[in-house]
Amino acid sequence: MVDRTPHHVAIIMDGNGRWAAARGLPRTAGHAAGEEALFNIVHGALEAGVKWLTVFTFSTENWSRSDDEVAFLMGFKEDLLTRRRDELHDLGVRVLFLGDRDDPRVSDRLRKRIREAEELTVDDTEMTMVFAFNYGSRHEIARAARAIALEAAAGDLDPGSVDEATVADRLGIPEMPDPDLVIRTSGEQRISNYLLWQTAYSEFIFTDTLWPDFRTEHLLECIEEYQARDRRYGGVDT
Ligand code: IPE
Ligand code: IPE
Ligand code: MG
């Protein structure tokens, strides 16, 4: 049988605020509760044989939330990276960040934690975990377009040669394969500026489970549903 384990699973971890509201707790308690779900899923993805796991942790649009919530999310990310990086390293998980870490709104301390986690795990090969942080797909594609324009203007690139590969090579992580499966929790059915280029032929699963309640069993259910799908890539049934 062909191995139909999705090579790359990308997740939109949504519903933390609603999870907290349902319990009469502040939204930030929902973000804190999401950590357990995240690490449960890391273990589940490793067991399932997933090689790339990308998670949406903060979008370029999430800056519009209250100062308190943004500050919590930034502090939480810093803290989580410090507490969890050794565990990820022990599991053989390589950590990469995708998004605009050079944004002046991102603190130097957090930038340093990101770099440390990436450096610690650089040679880990069991799975690559991508934290999409301060990430927006339109921003990523616009940056690739700008890079291409600058190279062409400098005479380093023939404008007539620009093709899909030229663009893909200038995205945030050029070696990242396209996601096979995208999962969004919390019942919302939209893409929210996530991996627009990379998901051209991904399978999408929307589940009502709120992110803090999401566990390996839910991931395995999604993988099963993915395995039953017929990916045609514009062709016909085989
Ligand atoms: C996802 O949960 C986490 C982030 C976007 C940072 P939300 O905070 O969006 O939770 P809801 O959608 O308001 O329930
Ligand atoms: C997408 O969720 C971003 C993350 C999960 C980090 P949002 O909750 O920000 O998306 P919208 O606003 O519902 O589209
Ligand atoms: Mg949300």
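Read-outs throughout are calculated quantities, based only on the coordinates presented, and are distinct from any laboratory measurement. Here the structure is a predicted model, which is why all the values come from computation and not from measurement. Don't worry about glycine lacking a Cβ; one is built from the backbone with ideal geometry, like all the others, and counts go over all protein chains shown.
Numbers at a glance
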read-out: Sites Y233 and N193 - FRET efficiency at Förster radius 30 Å, r taken between beta-carbons, to 0.05; value: 0.80
read-out: Relative counts (whole %) of C-alpha pair distances in the chain, using bins that are 5 Å wide; value: 1, 6, 13, 17, 19, 17, 13, 7, 4, 2, 0, 0
read-out: Ranked packing of 208-214, 106-112, most packed first, by mean Cβ within 10 Å; value: 208-214, 106-112
read-out: Around T125: net Lys/Arg minus Asp/Glu count, Cβ-Cβ under 11 Å; value: -1
read-out: Region 45-168 - convex hull of the alpha-carbon atoms, volume per residue in Å³; value: 141
read-out: The chain - charge dipole about Cα centre, Lys and Arg +1 at Cβ, Asp and Glu -1, debye rounded to 20; value: 680
read-out: Proximal charge balance of L195 [Cβ under 9 Å; K/R count +1, D/E count -1]; value: -2
read-out: Region 5-81: relative contact order as a whole-number percent, Cα under 8 Å and 6+ apart; value: 39
